[in-house]
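Worksheet: one structure, shown below.
Read the figures in this text as sums done on the coordinates, not as results from a lab. The structure presented is a predicted model; accordingly, all values stated were derived computationally and were not measured. Backbone-built Cβ (ideal geometry, glycine too); neighbour counts: all protein chains shown.
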Amino acid sequence: MSSNPSQLRLGIAGLGTVGIGVIKIVEDNADLLSARTGQKITIAAVSARDRGRDRGVDLGAYAWHDNAVDLAGDDNVDLVVELMGGSDGPAYALAKACLAAGKPFVTANKALIATHGKELAQLAEGKKAALRFEAAVAGGIPIIKALTEGLSANNISGLHGILNGTCNYILTRMEREGLPFDEVLADAQRIGYAEADPTFDIDGIDTAHKTAILAAIAFGMAPDIDNLPTEGIRNIVSVDIDYARELGYRIKLLGVARQQDDGVEVRVHPAMVPLSSPLANVMDATNAVTVSGDHVGPTGYEGAGAGQGPTASAVVGDIVDVARGVWYPPFGVPAAELGSPAHLGSEAHIGTYYIRLKVADVPGVMADITQTLAREKVSIDSMLQRGHADDGGVYIVLTTHETTEEAANAALNHFNALECVLESPAMLRIEAA
Ligand SMILES: NC(=O)c1ccc[n+]([C@@H]2O[C@H](COP(=O)([O-])OP(=O)(O)OC[C@H]3O[C@@H](n4cnc5c(N)ncnc54)[C@H](OP(=O)(O)O)[C@@H]3O)[C@@H](O)[C@H]2O)c1
C-alpha cells in the first residue's frame, strides 16, 4: 500500500467502455470519494493496447504501461483495476501477479472469476489482499454485496436472475413487436445492443458465468462453469411467446441456483415465469435478481446490468471498500472451504413444464398424446388446442403438474416418434421466479 496512508493510487488495465467510466467517476467525484473513504483516490498508471487512441479523456497525467501485467509491480500503484476482459491471457496473469504480491485487485471480469475464482481467492486470502468483483454480475446492481454482506445471516434457499441485458432486450422486442428472433438480433447488432459475435450472450454463456459466481457466494461452492447446464434463447419462437402470454406467463432467460435436498441445482435456460412475478416485469436491457433467505424471505434487486456508468459505479464501489479497509474472503467463506457439492444435473430437476406440439388434424391425436404422457407419469395441468398452422397442422399446447425433467424428456422423445406429430415438440420449464 501507499507509504502515504491518506491516498490510494490506482492502476487501470483496460481503457474501453468501463475503464474510461471508472476514470470519469474517480475524476468527477474526487471530493465525494475522499469524504467517504478518508483517502485521496487517484489514478497513477493505465494500460491498454493502443496508446495512440483518442479515448475522450486526458490520460497525459498517468504513467502508461504497454504490458498491463507490469501494473502489478509498479510501486506507484496501490490497487489494480482490471477492465480488459477474458478468462485467461493478460487478465488472469495480472490477477495472479497482483494477488501473489499482496496488491488489491478489483475487476469487472465475470469470465475470469467464473473460471479461476477459487484459485484467485486462495491467493488473495493468503496475502489478505482484496479481490473484489461486484461489477462482474449484473453491472450496477450491488448483488454481490447483498449476498456477502446484507444477507449473510441467512441460509439461501434459491436465487433467480435476469443477468443478460441483450437477451432480455431481444425477448422484450420479440413479444412487443411480434418479430422473429433473427430479425430482432440483427437490429440489436445494428444499434449496438448486441455484439457482432453474439454467441456469449444469446447462448447463455454470459449468464452462466454470472450465475456460477452468484451460486458460489450464495451456497459456498466453487464457481463451476464446466458443470453448469446452459441453454440460450436461439430457439425461442414467437408462437411460444404468444402462448406463454395466453397462459399467463412471460419467457425470460434465467440463471437459477436452488438448494435441493441432495445438492445445489444451478442452471441457465429460458423459462416461463408467471406474469405476476417480479422477474416477468423486468423489460428491455434491465437486469434483476431475486434471492430468498430462510429469515429474510424473498428479496429483489433491479437495475442497469451493463453500460459505462452503471458498471463503473460498481467498480468504484469496490475501490471505496478497499480504501475503507473492508476485507473478507472474496466468496464470503474461505476459499479452501468452497466445496463442490453434488451438482444436480437437469434430469433431476423437478418442476412444471410447457410443451408445444404441432400435430396432424386427424382423429385420435389427443388420445395418443394423453396416453404418452400417462405412460411417463406426467400429468396435465392445462391444455389448449389452437387453429391451423400454415401447413395445416394444429398446435396443441399443454402445461404439466410437477414432474421430473427426465420424465418430461422421455415424453418428448415418445412424441417425436408419433406419426401424428409434425415437428419436434418445444418444451420450456416453468419457474415460479
Ligand atoms: N461494457 C459493459 O457494460 C460491461 C458490463 C459488465 C462487465 N463488463 C466487463 O468489463 C470488462 C471490460 O469491458 P469493456 O466493455 O470496457 O471492454 P472494451 O470496451 O472492449 O475495452 C477493453 C479494454 O481492454 C484493453 N485491452 C484488451 N486487451 C488488452 C491487453 N492485452 N493489454 C492491455 N489492454 C488490453 C483494450 O485496449 P484498446 O482500447 O487499446 O484496444 C480496451 O481498452 C470485461 O471483463 C467485461 O466483461 C463490461
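Table for the structure above
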{"quantity": "For the chain, radius of gyration divided by Kirkwood radius, i.e. Rg to Rh on alpha-carbons", "calculated": "1.04"}
{"quantity": "Share of pairwise Cα separations in region 222-348, more than 17 Å, in percent", "calculated": "73 percent"}
{"quantity": "Nearest-0.05 FRET efficiency for Ala93 and Glu419, computed from C-beta distance (R0 60 Å)", "calculated": "0.55"}
{"quantity": "Extreme residue, positive dipole direction of the chain, given options Gly307, Ser157, Tyr354 (C-beta unit charges)", "calculated": "Gly307"}
{"quantity": "Cut-off 13 Å (backbone N to label point 7 Å along Cα→Cβ of Asp381), residues of region 253-279", "calculated": "272-277"}
{"quantity": "Cα shape, region 349-430, gyration tensor, a/c 1.5 rule", "calculated": "prolate"}
{"quantity": "Distance in nm between pseudo-label sites at Glu177 and Arg53 (7 Å out along the Cβ direction from Cα)", "calculated": "2.9 nm"}
{"quantity": "Candidates Ala186, Ala30, Ala61, ranked by Gaussian network fluctuation over the chain, Cα under 10 Å, top entry", "calculated": "Ala61"}
{"quantity": "Asp294/Trp64 FRET efficiency (R0 51 Å; Cβ-Cβ; nearest 0.05)", "calculated": "0.50"}
{"quantity": "0 to 90° range, to nearest 10: angle between helix 181-190 axis and the chain longest Cα axis", "calculated": "20 degrees"}
{"quantity": "Translational diffusion coefficient (Stokes-Einstein; Kirkwood radius from C-alpha pairs) of region 47-163 at 4 °C, 1.567 mPa s, in µm²/s", "calculated": "83 µm²/s"}
{"quantity": "Within the chain, percent of DSSP bridges classed antiparallel, to nearest 5", "calculated": "70 percent"}
{"quantity": "For region 297-433: Kirkwood Rh in Å [reciprocal of mean 1/r, alpha carbons]", "calculated": "19.2 Å"}
{"quantity": "Surface/4 of the Cα convex hull for region 94-140, nm²", "calculated": "2.9 nm²"}
{"quantity": "Cα Rg, Dmax, region 143-302, angstrom units", "calculated": "15.7, 46"}
{"quantity": "Theoretical ellipticity at 222 nm over the chain - DSSP helices of four or more residues, -39500 (n - 2.57) apiece, nearest 500", "calculated": "-10000 deg cm²/dmol"}
{"quantity": "Simple label model, 7 Å out from Cα along Cβ direction - Ala30 to Asn281, nm", "calculated": "4.4 nm"}
{"quantity": "Loop sites in region 179-249: GluC sites (Glu not before Pro), DSSP, at most 14 other Cβ within 10 Å", "calculated": "Glu195"}
{"quantity": "Sorted by Cβ density within 10 Å, fewest first, the residues Trp327, Trp64", "calculated": "Trp64, Trp327"}
{"quantity": "Spin-label pair Lys40/Glu337, simplified geometry with 7 Å Cα→Cβ offset, distance in nm", "calculated": "4.1 nm"}
{"quantity": "Subset of Lys210/Lys252; Lys145/Lys210; Lys118/Lys145; Lys96/Lys252; Lys40/Lys103; Lys96/Lys210 violating a 25 Å alpha-carbon distance limit", "calculated": "Lys96/Lys252"}
{"quantity": "Dipole magnitude of region 147-197 about its Cα centre (Cβ charges: Lys, Arg +1; Asp, Glu -1), debye to nearest 20", "calculated": "160 debye"}
